[in-house]
Amino acid sequence: KQEVTQIPAALSVPEGENLVLNCSFTDSAIYNLQWFRQDPGKGLTSLLLIQSSQREQTSGRLNASLDKSSGRSTLYIAASQPGDSATYLCAALRGGADGLTFGKGTHLIIQP
Amino acid sequence: GAGVSQSPRYKVAKRGQDVALRCDPISGHVSLFWYQQALGQGPEFLTYFQNEAQLDKSGLPSDRFFAERPEGSVSTLKIQRTQQEDSAVYLCASSSNSAGLAEAFFGQGTRLTVV
């Protein structure tokens, strides 16, 4: 059974810092990996999707990498802003009907 | 609509009551998923539909949980005889790929509180 772990569970940094969120998964036979953002009381907003054949994806200040063989993905946030404060979730997809397997998330606070 | 829509946003049920949660996916999306998110946890898979066919219901926690998508569009998750442990946020997601392999788009969720 796929297990997804996110480290750290919580992170608080001053505005402007670059930061890295880590995600690891136990079963490397994934189809893709998605990073999501969740604001309090809200649903999930998709940030980046990396197909298993890709190494990284970029969107604005966000960059996500994938190393399938080692079972790891990282989300890099450049020049963090208070508006980046949220919980960040990574999720691995093994097969469509299985749905996504999520980590517990990293709760991020960017201090103004 | 432009996104996945869920209703109600909030539901308070007395223990033992039946509830029905609705999901309206993005128009034309073939795949639909339901997830359950407990407080402080990541979402956990409940069930998957491809059009009207329920292809996987392995994540449903008990036979009190039932989901349907009769016309391959709107889906309803029903919970019978609710228990306190059913309190959670229920999320619906849809995907354009018929095998559920494309990017998943989530609704705002329904927060169920059983008292």
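Side notes on the structure shown:
- Projected label distance in nm at residue A:9 and residue B:55, using a 7 Å step from Cα toward the beta-carbon: 3.6 nm
- Reduced Cα scattering model of the range B:32-109, Debye log10 I(q)/I(0), q = 0.11, 0.14, 0.18, 0.26 Å⁻¹: -0.27, -0.43, -0.72, -1.41
- Here residue A:74 sits with roughly 40 square angstrom of accessible surface, probe radius 1.4 Å.
- Solvent exposure of the protein assembly as shown, expressed per residue, is 47 Å² of accessible area, with all protein chains present and a 1.4 angstrom probe.
- Semi-axis lengths (Å, descending) of the ellipsoid that matches the C-alpha gyration tensor of the range B:37-76: 21, 11, 9
- Taking a straight line from the alpha carbon of residue B:14, these lysines sit under 18 Å away, with near neighbours fewer than eight places off in the same chain left out: B:78.
- Gyration tensor (alpha-carbon) shape descriptor, the range A:46-87, a/c threshold 1.5: prolate
- Where labels lie 7 Å past Cα in the beta-carbon direction, separation of residue A:26 and residue A:46 in nm: 2.7 nm
- Amide H to amide H distances under 5 Å link residue B:113 with B:11, B:12, B:13, where only residues 5 or more positions off or on other chains count and H is placed in the peptide plane.
- Interface B-A: total buried accessible area of about 1600 Å², 1.4 Å probe, protein heavy atoms only.
- A convex hull fitted around the alpha carbon atoms of chain A yields 93 Å³ per residue.
- Relative packing of B:23-31, B:90-98, B:54-62, which averages over residues the other C-beta atoms within 10 Å, highest first: B:90-98, B:23-31, B:54-62
- Just checking the listed ones, B:105, B:49, B:33: in the Gaussian network model of chain B with Cα springs under 10 Å, the one fluctuating most is B:105.
- With the alpha-carbon atoms of the range B:56-99 aligned to their principal axes, the span from lowest to highest coordinate is 35, 19, 18 Å, starting with the largest.
- Ligands, DNA and RNA left out, the 1.4 Å accessible surface of chain A is 48% carbon and sulfur atoms.
- Comparing the full protein assembly with the isolated chain, the residues of the range A:78-106 losing at least 20 square angstrom of accessible surface (1.4 Å probe) are A:93, A:96, A:97, A:98, A:99, A:100, A:102, A:104.
- Most positive-pole-ward Cα, B:49, B:80, B:113, against dipole of chain B from beta carbon charges: B:113
- Whole-Hz ³J(HN,Hα) from phi, Karplus 6.51 cos²θ - 1.76 cosθ + 1.60, for the range B:26-35, glycine and proline x: 4, 4, x, 6, 7, 9, 9, 10, 10, 10
- Förster radius 35 Å - calculated FRET efficiency between residue B:63 and residue A:39 (Cβ-Cβ, nearest 0.05): 0.55
- DSSP assigns beta bridges within chain B; of those with both partners inside it, close to 90 percent run antiparallel.
- Reciprocal of mean inverse Cα separation for the protein assembly as shown (Kirkwood radius, Å): 17.9 Å
- Relative to the Cα centre, the charge distribution of the protein assembly as shown, modelled as +1 at Lys and Arg Cβ and -1 at Asp and Glu Cβ, gives a dipole magnitude of about 420 debye.
- For the range B:5-115, carbon and sulfur atoms together expose 46% of the accessible surface, with a 1.4 angstrom probe and every protein chain in place.
- Dipole magnitude for chain A: about 200 debye, using +1 per Lys or Arg Cβ and -1 per Asp or Glu Cβ, origin at the Cα centre.
- Peptide B:29-40 has a mean of 2 when you count, residue by residue, the C-beta atoms of other protein chains within 10 Å of its C-beta.
The values are calculated or read from the model by the stated rules, or taken from the named source; none is laboratory data. Being a predicted model, the structure only gives us computed values, none of them experimental. Cβ coordinates were reconstructed from backbone atoms using ideal geometry, including for glycine residues, and neighbour counts include every protein chain displayed. Calculation scope for accessible area: heavy atoms of the full protein, side chains included, ligands and nucleic acids excluded. Shrake-Rupley method; radii C 1.70, N 1.55, O 1.52, S 1.80 Å.
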